[in-house]
Amino acid sequence: MAARIDHAVTSGTFSLDGQTFDVDNNVWVVGDDAECLVIDAPHDVDAILKVVAGRRVTAILATHAHDDHVRVAPQLSRATGAPVLLHPADRVLWDMVHPDEAPGGQLHHGDKIEVGGTALTVLHTPGHSPGACCLHAPALDVVFTGDTLFAGGPGATGRSYSDFDTIIGSIRDRLLTLPPQTVVHTGHGDSTTIGAEAPQLPQWLARGH
């Protein structure tokens, strides 16, 4: 039986470049009745543990290391015994949030992470941040995109360690090539599909970051 996807929304702040914003973050939990993994650990450990519901957590996957995606990751790791996995290119951002505590492991493009009989493939999609990653679960027709792709366009690239041309390349080459029925579960806001977003690429290019 394929894994299922559970979801929570937690609220807090995002801070970078001397500015702070209120944000609502999606937390995605993938697994079966016995085990699961957590995608991003934003603001509230108790809210995440409620979704985990007593299952064994095999890993905490960080789509990127902005503070609103990893703020409680070490705390969640201590609570569950699961390692936090992050692409090494985002270590500079992680260290801004957790200077005294390293992630528990790394994510690399092409890695496959299995949970509940379902494999998630790591797609390195830099642009929003250097080490931003998406997680594609073909058996579930789902990709978890963090802040790389949203309903309506790419993630923001106006801040430090981000680049518009890079994120466009990542989306074009590694996300829009997925099957059109693939559901896009994002780091903030509503889900969408690859088929709904792909035709908008020319508009994104015209709009810029």
Relative contact order, percent, of the range 3-84 when contacts are C-alpha pairs under 8 Å separated by at least 6 residues? 28
The alpha-carbon center of the range 36-108 and that of the range 132-208 are separated, in whole Å, by 22
Step through the residues of the range 128-138 one at a time and calculate ³J(HN,Hα) from phi using the Karplus curve (6.51 cos²θ - 1.76 cosθ + 1.60, θ = phi - 60°), rounding each to whole Hz and writing x for Gly and Pro. 5, 8, x, x, 4, 10, 10, 10, 9, 10, x
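Which value, in debye to the nearest 20, describes the size of the charge dipole of the range 1-132 about its Cα centre when Lys and Arg Cβ atoms bear +1, Asp and Glu Cβ atoms bear -1, and nothing else is charged?
Working: 8 positive and 18 negative charges, 71 e Å.
Rounded to the nearest 20 debye, it is 340 debye.
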Taking the simple approach of a point 7 Å from Cα along Cα-to-Cβ for both residue 24 and residue 78, what is their distance in nm? 3.0
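Accessible area, 1.4 Å probe, largest first: how do 46, 67, 100, 24 sort? Provide the component values of the computation, followed by the final result.
Details: 46 115, 67 20, 100 150, 24 85 Å².
Greatest to least solvent exposure: 100, 46, 24, 67.
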Antiparallel %, DSSP beta bridges [both residues in the chain], to 5: 70
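Add -39500 (n - 2.57) for each DSSP H run of 4 or more in the chain, then divide by its residues: what number comes out at 222 nm, to the nearest 500 deg cm²/dmol? Kindly include the intermediate steps, with their values, before the conclusion.
Working: 7 runs with 45 residues, N = 209.
About -5000 deg cm²/dmol.
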What does the extension gain come out to for residue 34 and residue 9, with contour length at 0.36 nm per residue minus their alpha carbon separation? 6.8 nm
Would you pull out the residues with amide H under 5 Å of residue 116's amide H, same chain only if 5 or more places away, H placed 1.01 Å from N? 32
Accessible area per residue in Å² at 1.4 Å probe, computed on the range 16-160: 36
Between residue 205 and residue 2, what is the label-to-label distance in nm when each label sits 7 Å out along the Cα-to-Cβ direction? 3.2
Checking 127, 116, 155 against a Gaussian network model of the chain (alpha-carbon springs below 10 Å), the top fluctuating residue turns out to be 116
Order by accessible surface, 1.4 Å probe, largest leading, for residues 176, 135 comes to 176, 135
In what order, largest first, do 86, 178, 49 sit by accessible area if the probe radius is 1.4 Å? 49, 178, 86
Roughly speaking, to the nearest percent, how much of the chain's 1.4 Å accessible area is carbon and sulfur? 50
Output wanted: per-residue J couplings in Hz (rounded whole) for the range 97-111, from phi through Karplus 6.51 cos²θ - 1.76 cosθ + 1.60, θ = phi - 60°, x for Gly and Pro. 8, 10, x, 10, 8, 7, x, x, x, 10, 10, 9, 3, x, 4
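The values are calculated or read from the model by the stated rules, or taken from the named source; none is laboratory data. Just so it is clear, the structure is predicted and the values come from calculations on it, not from any experiment. Positions of Cβ are generated from backbone atoms using ideal geometry, with glycine treated the same way; all protein chains shown enter the neighbour counts. Heavy atoms of the whole protein, side chains included, go into the accessibility calculation; ligands, DNA and RNA do not. Shrake-Rupley method; radii C 1.70, N 1.55, O 1.52, S 1.80 Å.
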